[in-house]
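Encoded as structure tokens, the structure appears first; notes follow it.
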Amino acid sequence: MNSFPESTVLGKNVVIEEGVRIGENVQIGHNTVILKDTQIGNNVKIGSNCVLGIVPGGNQKMRKINNGEKPLIIHNGTRIGSLVSIYANSVVKENVFIGDQASIRENVTVGEESVIGRSAIIELNTQIGKRCTIQTLAYVTGDTVIEDQVFIGPCVSMSNDKYMGAKDYHLKGPYIKEGAKIGNNASLLPGISIGKRTIVGAGSVVTKDIADDEIVVGIPAKKR
Amino acid sequence: MNSFPESTVLGKNVVIEEGVRIGENVQIGHNTVILKDTQIGNNVKIGSNCVLGIVPGGNQKMRKINNGEKPLIIHNGTRIGSLVSIYANSVVKENVFIGDQASIRENVTVGEESVIGRSAIIELNTQIGKRCTIQTLAYVTGDTVIEDQVFIGPCVSMSNDKYMGAKDYHLKGPYIKEGAKIGNNASLLPGISIGKRTIVGAGSVVTKDIADDEIVVGIPAKKR
Amino acid sequence: MNSFPESTVLGKNVVIEEGVRIGENVQIGHNTVILKDTQIGNNVKIGSNCVLGIVPGGNQKMRKINNGEKPLIIHNGTRIGSLVSIYANSVVKENVFIGDQASIRENVTVGEESVIGRSAIIELNTQIGKRCTIQTLAYVTGDTVIEDQVFIGPCVSMSNDKYMGAKDYHLKGPYIKEGAKIGNNASLLPGISIGKRTIVGAGSVVTKDIADDEIVVGIPAKKR
């Protein structure tokens with residue numbers, strides 16, 4: 001049986017599996033599910049009907065957690081909305097905000113004070129820096145690097161597979177440098193890099209690397 | 001303890017917080033969470049695993065609801081799918097349909113007989129008129145006005161922040177006039193207006209105001 | 001009262017309505033809701049907080065299930081993530097994978113070994129072939145045919161209503177032939193067909209039929 005600090009506020013029908021650790025002053029909403037070994041820091045608030053600590057590949061009941069994998073770690077002061085799913089083996093740093101219905105896969109790091117918008121999706125093996133904004137319904141593909149203070153607009157789309165499943169390919173998402181801003185509904189192709197402080201216009205399709213301090217728009221995205 | 005009409009049909013594991021009011025002939029699906037003070041009219045049907053009445057800014061247990069804020073109000077005859085999240089201080093009028101996994105923030109009004117598609121997202125401070133269709137996965141940004149009988153296609157994207165977080169800016173979403181139709185996956189930029197009965201083609205990017213009764217397409221969207 | 005095989009592993013607070021049938025070695029996560037008459041094959045794994053077997057049009061408690069409608073059928077070996085919604089009168093074939101927060105409407109068939117990405121949405125009356133990949137956040141509209149081994153990239157958008165609600169129109173989604181690949185965030189218009197092995201570039205808008213073995217890009221999409 002787990003034991004949690006007296007300061008823990010649990011909603012109704014909360015399910016907490018074995019090995020979960022909870023810090024001080026944590027609130028967990030109704031019907032939320034915290035799976036095996038998840039670690040929750042101090043002053044974390046979690047909404048209702050979330051599923052946290054999902055083990056990829058499906059079966060969290062029969063596999064061995066000691067099989068080299070790590071739990072989901074949620075650091076102090078982070079706030080998570082409702083209906084959110086987050087996988088094991090990811091780290092959410094201090095004072096992050098994760099909106100309702102967002103989803104984060106395994107082997108992801110979300111840096112301090114970043115915001116993950118509602119229904120935004122972060123795929124596996126992706127690093128997000130500090131104080132980034134990933135807006136609502138944005139899709140951050142796998143194997144992506146997003147440096148600090150990047151702004152990803154609503155509904156931005158990325159891909160990491162040049163051949164769309166047709167050939168063997170070393171999957172590689174975009175590399176987005178510090179302070180870049182991607183306009184809403186832009187599309188970023190596999191493996192491209194976007195320079196520091198560069199701005200990509202709404203609806204653009206970025207097909208090749210863009211240098212620092214540029215403004216690009218259109219399909220394909222070109223200097224304005 | 002709340003008391004509800006005998007005509008109420010509650011699923012299993014439903015959580016209803018204090019102050020909730022429920023009209024006649026209401027059905028609430030399994031595992032749905034109705035948070036503090038939410039008001040539900042007559043003949044409302046709600047699916048399973050929803051979270052309704054979320055207080056923005058996080059902590060619905062410790063703040064004072066009388067702090068100038070209003071509850072979520074759902075009017076007669078409205079139907080809500082499963083896995084939906086809706087915030088406090090919003091009003092959903094009569095006979096609205098809200099699809100599964102949709103999300104609606106605070107200080108939003110959804111007019112009579114409008115349809116909010118599955119996984120559509122409505123941000124805060126937004127007004128939606130009567131008999132509108134907001135299609136599946138459409139993103140209606142904050143500070144937006146949508147008049148009556150507007151059609152927003154699937155996956156349409158909008159933004160309300162011209163500088164993408166870089167400067168102080170008075171956030172302003174699009175203003176979409178009566179009977180306008182926005183094609184699927186179009187992008188609308190901050191503060192633009194779209195005229196009455198105007199049609200925006202699929203995949204277009206609208207960068208400036210469009211008059212009444214126009215048809216525009218492309219990036220940027222121009223008269224055809 | 002239902003009776004299930006001893007091999008069934010049920011999470012906490014699982015709700016199973018009457019008439020549900022469950023095969024051997026099935027696992028169902030916490031707080032998941034399985035509605036009336038749903039049929040689940042052998043070796044199926046389902047995550048937490050799902051809602052499966054939703055009856056369209058709302059009220060699964062008061063209608064008659066024998067009214068010519070069929071249940072949701074999930075075949076052997078299929079795996080379903082968390083927070084997923086699937087409707088009655090659809091068939092998910094063997095060894096399908098359905099990601100978290102995905103949603104599938106009624107009268108849909110998903111063929112063997114296909115993958116439905118996270119938060120992807122499949123509308124009603126749609127057929128998806130074998131070994132297809134429908135990527136994350138893709139929107140497959142109603143009345144669509146997707147043949148075998150098709151790749152639909154992330155955030156692809158489709159529509160099936162040429163007049164956007166303005167006129168009576170026989171709704172018709174795209175027809176996508178065997179082995180076609182649709183790049184991320186492309187938009188497909190109502191009723192168009194895409195030929196075998198044809199590739200549509202990221203962010204393109206397909207406005208007319210495309211033959212077999214083509215590569216098309218841009219708005220509107222043209223041969224490269």
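The values are calculated or read from the model by the stated rules, or taken from the named source; none is laboratory data. The shown structure was predicted, so the numbers you read here are calculated from the model rather than taken from an experiment. Heads up, the Cβs are rebuilt from the backbone with ideal geometry, glycines too, and the neighbour counts pull from every protein chain shown.
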Residues that are outside any loop (DSSP other than H, G, I, E, B) and surrounded by 16 or more Cβ atoms within 10 Å (Cβ to Cβ), drawn from region C:11-22
C:15, C:16, C:22
Residue check: is residue B:181 among the charged types (D, E, K, R), within 14 Å of chain C (Cβ to nearest Cβ) and closer than 19 Å to residue C:159 by Cβ?
yes
Among residues of region A:23-54 being assigned to a loop (DSSP other than H, G, I, E, B), free of Cβ contacts under 8 Å to residues at least 40 places away in the same chain and hydrophobic (A, V, I, L, M, F, W, C), the residue surrounded by the fewest Cβ atoms within 10 Å (Cβ to Cβ) is A:26
If we keep only residues of region A:175-204 that are assigned to a loop (DSSP other than H, G, I, E, B) and among the basic types (Lys, Arg), then the residue surrounded by the most Cβ atoms within 10 Å (Cβ to Cβ) is A:177
Taking region B:66-77, which residues are surrounded by fewer than 24 Cβ atoms within 10 Å (Cβ to Cβ) and within 13 Å of the chain's Cα centre (by Cα)?
B:73
Quick check: anything in region C:205-217 part of a loop (DSSP other than H, G, I, E, B), within 11 Å of another protein chain (Cβ to nearest Cβ) and surrounded by 24 or more Cβ atoms within 10 Å (Cβ to Cβ)?
no
Are any residues in region C:188-204 closer than 21 Å to residue C:142 by Cβ and within 12 Å of chain A (Cβ to nearest Cβ), and if so, which ones?
C:200
Filter region C:60-77 down to residues that are assigned to a loop (DSSP other than H, G, I, E, B) and at pLDDT 50 or above and give me whichever is nearest to the other protein chains (Cβ to nearest Cβ).
C:77
For region C:124-138, indicate whether the set of residues that are more than 27 Å from residue B:100 (Cα to Cα) and either among the aliphatic types (A, V, I, L, M) or assigned to a loop (DSSP other than H, G, I, E, B) (or both) is non-empty.
no
Kindly establish whether residue A:7 is at pLDDT 95 or above and closer than 19 Å to residue A:83 by Cβ.
no
Among C:84, C:55, C:15, C:108, which is the only one that is of a type outside the set (Phe, Trp, Tyr) and farther than 26 Å from residue C:143 by Cα?
C:15
So which pairs qualify, if the first residue must be in region C:104-129 and over 21 Å from residue B:135 (Cα atoms), the second must be outside any loop (DSSP other than H, G, I, E, B) and among the hydroxyl-bearing types (Ser, Thr, Tyr), the Cβ gap must be under 8 Å, and the two must be at least 6 apart or on different chains?
C:114/C:133; C:115/C:133; C:128/C:109
Where a residue in region A:139-156 is aromatic (Phe, Trp, Tyr) and its partner, wherever it lies, is outside any strand (DSSP E or B) and buried (at least 24 other Cβ atoms within 10 Å of the Cβ), with Cβ under 7 Å and at least six apart:
A:139/A:156; A:139/C:136; A:139/C:137; A:139/C:154; A:139/C:155
Pairs with Cβ under 6 Å, 6+ apart, first in region A:10-22 and facing another protein chain (nearest Cβ under 7 Å), second surrounded by fewer than 19 Cβ atoms within 10 Å (Cβ to Cβ) and part of a loop (DSSP other than H, G, I, E, B):
A:15/C:12
Could you give every pair whose Cβ atoms fall below 6 Å, whose first residue belongs to region C:163-190 and is under 21 Å from residue C:149 (Cα atoms), and whose second residue is of a type in the set (D, E, K, R), counting only separations of at least 6 or pairs across chains?
C:173/C:143; C:177/C:147; C:177/C:196; C:178/C:147; C:178/C:148; C:178/C:196; C:179/C:196; C:179/C:197
Residue selected from region C:139-164 under the condition in a loop (DSSP other than H, G, I, E, B), in contact with a strand residue (DSSP E or B) (Cβ under 6 Å, 6 or more places away or on another chain) and facing another protein chain (nearest Cβ under 9 Å), by the criterion surrounded by the most Cβ atoms within 10 Å (Cβ to Cβ)
C:155
Among residues of region C:165-178, those that are at the interface with another protein chain (Cβ under 9 Å from one of its Cβ atoms) and either under 24 Å from residue C:113 (Cβ atoms) or of a type in the set (A, V, I, L, M, F, W, C) (or both), counted:
1
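Looking for something modelled with pLDDT of 95 or more, among the small types (Gly, Ala, Ser), over 12 Å from the mean Cα position of the chain (by Cα) and closer than 28 Å to residue A:84 by Cβ - is there at least one such residue anywhere in region B:125-144?
Of all residues in region B:125-144, those modelled with pLDDT of 95 or more come to B:125-144.
Of the ones still in play, those that are also among the small types (Gly, Ala, Ser) are B:129, B:138, B:142.
Of the ones still in play, those that are also over 12 Å from the mean Cα position of the chain (by Cα) are none.
Within region B:125-144, not a single residue is modelled with pLDDT of 95 or more, among the small types (Gly, Ala, Ser), over 12 Å from the mean Cα position of the chain (by Cα) and closer than 28 Å to residue A:84 by Cβ.
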Meets criteria (crowded, with 18+ Cβ neighbours inside 10 Å, within 14 Å of chain C (Cβ to nearest Cβ), closer than 22 Å to residue C:208 by Cα and among the basic types (Lys, Arg)) for residue B:222
no
